[in-house]
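Data block below; observations after.
The values are calculated or read from the model by the stated rules, or taken from the named source; none is laboratory data. The structure presented is a predicted model; accordingly, all values stated were derived computationally and were not measured. Cβ sites come from the backbone with ideal geometry, for glycine too, and all protein chains shown count toward neighbours. What goes into the accessible areas is simple: the full protein's heavy atoms, side chains included, and nothing from ligands, DNA or RNA. Shrake-Rupley method; radii C 1.70, N 1.55, O 1.52, S 1.80 Å.
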Amino acid sequence: TTAKIAEATDLPARAVRSLADDLVRDYSGRGGGIEVRGFEGRYVMQVRSSVAERVKKVGPKELEAPLLRTLAIIASHQPLSQSELARMRGNKSYGHVKELEGRGLIRAEKEGRTKILTTTRSFAEYFGLDFDDPDFVRRAMKERKRLAVTPMYRSLAERMGLSFAVVNPYKPYKNDIEAMNSLDLLVIAPGYAERAMEHYSGVLIEAGVGTFTKLKESIDLIAEKAGGADPAKIGSLLEEIDSLLAGYRERAGSARPIKPLSPMIEEIALDLGIPTAEDGVSASPDYAGIEAQIQVPTHQPYEMDIIERIRERYEAILKGLAEDEDSR
């Protein structure tokens with residue numbers, strides 16, 4: 001803490017904060033494996049998250065990955081009921097709670113038919129925190145979320161200023177499985193949770209990015225769950241999306257109705273403000289193999305920017321409507 005450093009160095013607290021903040025900037029500029037971070041009047045020197053996976057191989061591993069993930073969820077959501085934990089982690093969490101309580105890392109206090117789970121002083125010591133208040137620990141753990149995304153979400157994570165890894169949870173290689181064993185959160189496409197859970201047992205975020213409105217909702221969800229996003233980058237990203245969406249809605253203002261042949265096309269029509277009707281211009285995603293007047297691209301390269309993916313689909317619909325109008 002600032003107070004302990006001031007006592008040890010015989011310096012005023014203001015000077016300690018100034019010098020410690022200089023150290024934070026100094027280590028940040030070095031680009032090495034060690035960083036100094038400040039958090040609510042406390043400072044810690046630690047391994048940089050980008051190299052933590054390599055460094056952990058030479059350190060003791062006292063908690064197995066599934067147990068550690070359960071502990072991380074308790075710490076991040078405390079006070080957490082055991083029934084809610086079971087919903088998030090499955091019935092295996094009951095055994096985890098018993099073991100974690102036995103190790104003194106959590107306390108489980110009876111409340112009605114369930115138990116309320118919180119971390120202990122031993123937990124704070126285990127993770128190098130010198131303050132064991134549950135609110136402080138919860139905020140501190142949210143700062144430490146280990147996040148991964150599937151390749152499609154790489155550009156979104158970059159635009160949000162997140163620290164992340166990229167994995168393929170659907171058809172994983174050995175290195176993907178090893179990486180997933182140490183994750184707290186994994187961002188995947190909606191509807192793929194069952195496939196991802198064959199290889200990953202942590203917390204999933206199903207992020208819809210089929211429309212600009214869905215993308216904005218996903219940005220808010222990822223920022224809330226993962227923590228550590230850059231507020232300035234998120235603000236700029238949301239402003240860009242709002243501006244683009246306003247422009248597309250203006251262009252679609254006088255468009256004739258379309259007949260959406262999939263839920264995705266219906267969502268895009270709703271986002272653009274285009275009416276739908278049975279006698280409208282038929283539109284279908286290109287993967288469906290359905291004959292339609294408008295084919296909306298969906299087999300887009302993973303490396304394509306997330307916003308460009310959506311723009312390409314919106315452009316296809318507006319172009320198709322314009323061509324249909326010209327042919328009349």
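On the given criteria, is Ala148 at pLDDT 90 or above, in contact with a Pro (Cβ under 7 Å, 6 or more places away or on another chain) and either crowded, with 16+ Cβ neighbours inside 10 Å or of a type outside the set (D, E, K, R) (or both)? Against the criterion (at pLDDT 90 or above, in contact with a Pro (Cβ under 7 Å, 6 or more places away or on another chain) and either crowded, with 16+ Cβ neighbours inside 10 Å or of a type outside the set (D, E, K, R) (or both)), Ala148 does not qualify.
Among all residues of the range 47-60, there is none that is open to solvent by less than 60 Å² (accessible area, probe 1.4 Å) and modelled with pLDDT of 80 or more. Scanning the range 70-94 for residues that are assigned to a helix (DSSP H, G or I) and either without any contact (Cβ under 8 Å) to a residue 60 or more places away in the chain or touching a His at 6+ places or on another chain (Cβ under 9 Å) (or both) yields a count of 14. A single entry from Leu272, Leu261, Leu221 fulfils the requirement of being of a type outside the set (D, E, K, R) and within 26 Å of the chain's Cα centre (by Cα): Leu221.
Looking at the range 218-265 only, could you name the residues that are in a helix (DSSP H, G or I) and of a type in the set (Lys, Arg)? The answer is Lys225, Lys233, Arg249, Arg251.
Inside the range 173-191, can you point out the residues that are outside any helix (DSSP H, G or I) and more than 19 Å from Glu303 (Cβ to Cβ)? So that I can check it myself, show each step before the final result.
The initial filter retains those residues of the range 173-191 that are outside any helix (DSSP H, G or I), namely 173, 181-191.
Hits for the range 173-191 are Asn181, Ser182, Leu183, Asp184, Leu185, Leu186, Pro190, Gly191.
Counting only residues that are out of contact with any strand residue (DSSP E or B) (no Cβ under 8 Å at 6 or more places or on another chain), assigned to a helix (DSSP H, G or I) and surrounded by 15 or more Cβ atoms within 10 Å (Cβ to Cβ), how many does the range 192-217 have?
5
Checked against the criterion of being surrounded by fewer than 16 Cβ atoms within 10 Å (Cβ to Cβ) and either under 30 Å from Thr120 (Cα atoms) or in contact with a Gly (Cβ under 9 Å, 6 or more places away or on another chain) (or both), the candidates Glu224, Glu239 yield just one match: Glu224.
For the condition of a type in the set (Asp, Glu) and within 12 Å of the chain's Cα centre (by Cα), what is the one hit in Glu158, Glu198? The conditions single out Glu158. Looking only at the range 227-236, which residues are open to solvent by 60 Å² or more (accessible area, probe 1.4 Å) and either of a type in the set (Gly, Ala, Ser) or touching a Leu at 6+ places or on another chain (Cβ under 7 Å) (or both)? Correct list: Ala232, Ser236. Filtering the range 279-294 for residues that are of a type outside the set (Phe, Trp, Tyr), under 23 Å from Ala246 (Cα atoms) and free of Cβ contacts under 8 Å to residues at least 12 places away in the same chain leaves an empty set.
Scanning the range 129-139 for residues that are at pLDDT 70 or above and crowded, with 20+ Cβ neighbours inside 10 Å yields a single hit, Val137. For the range 304-314, check the following and say yes or no: at least one residue is open to solvent by less than 80 Å² (accessible area, probe 1.4 Å) and part of a loop (DSSP other than H, G, I, E, B). Looking through the range 304-314, at least one residue is open to solvent by less than 80 Å² (accessible area, probe 1.4 Å) and part of a loop (DSSP other than H, G, I, E, B). Residue-level check: of (1) open to solvent by less than 70 Å² (accessible area, probe 1.4 Å); (2) under 18 Å from Ala207 (Cβ atoms); (3) not acidic (Asp, Glu), Ala283 misses just (2). Scanning the range 83-106 for residues that are at pLDDT 85 or above and surrounded by 19 or more Cβ atoms within 10 Å (Cβ to Cβ) turns up Leu85, Ser93, His96, Val97, Leu100, Leu105, Ile106. I'm trying to understand the selection: among the residues of the range 181-191, which are open to solvent by 20 Å² or more (accessible area, probe 1.4 Å) and of a type in the set (S, T, N, Q)? Matches in the range 181-191: Asn181 only.
Residues in the range 95-128 that are free of Cβ contacts under 8 Å to residues at least 40 places away in the same chain and among the β-branched types (Val, Ile, Thr): Val97, Ile106, Thr114, Ile116, Thr120.
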